[in-house]
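S.K.: Here it is: the structure, laid out below.
Derivation of every value follows stated rules applied to the coordinates shown; laboratory data play no part. Source: prediction; values computed, not measured. Methodologically, a virtual Cβ is constructed for each residue, glycine included, from the backbone with ideal geometry; neighbour enumeration extends over all protein chains shown.
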Amino acid sequence: MIVEYTGRSTTITPKLKKLADDELARIDGIIGRSVSAHVILTEDKYRQIAEVTLKTPLDILVATCEGTEMYTALHDALKKIELQAIKHKERKITVERHAKPNSSEPLIELRPAALAS
């Protein structure tokens, strides 16, 4: 998986990068095949904002969290992405297991007019 990091008015420490890499690897295991991720860390006065965008072949998962510390904001954003990934996977499994019936087969059996009399 390709991971991009963007720091706006802040630096990305190795501790934050390791947290993001570990959690994104776990999420990648849940989804199966995610294409890329973008982690944006922003600092505004007393607010620390973490935004994570994860692109999959079918969906784009986005989570934003803010806190007083960057570590907790990033951890919360990654937890939200993980919950979205689990929900996405459950929805996909449900659709696969409960597929619609084959449309080529008729739902009711029609009898010829000669046999109906």
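S.K.: Which net charge results for the neighbourhood of D44, defined as the other residues with beta-carbon distances under 15 angstrom from its beta-carbon, given Lys and Arg at +1 and Asp and Glu at -1?
M.R.: -1
S.K.: Rounded to whole Hz and in sequence order, give me ³J(HN,Hα) for the range 16-29 from the Karplus expression 6.51 cos²θ - 1.76 cosθ + 1.60, θ = phi - 60°, writing x for Gly and Pro.
M.R.: 5, 5, 5, 4, 5, 4, 5, 5, 5, 5, 5, 5, 4, x
S.K.: What's the local net charge at T11, with K and R +1, D and E -1, over the other residues with C-beta under 13 Å away?
M.R.: Result for the neighbourhood of T11: +2.
S.K.: Which value in nm describes the separation of the simple spin-label points at T6 and R47, placed 7 Å from the Cα toward the beta carbon?
M.R.: 1.7 nm
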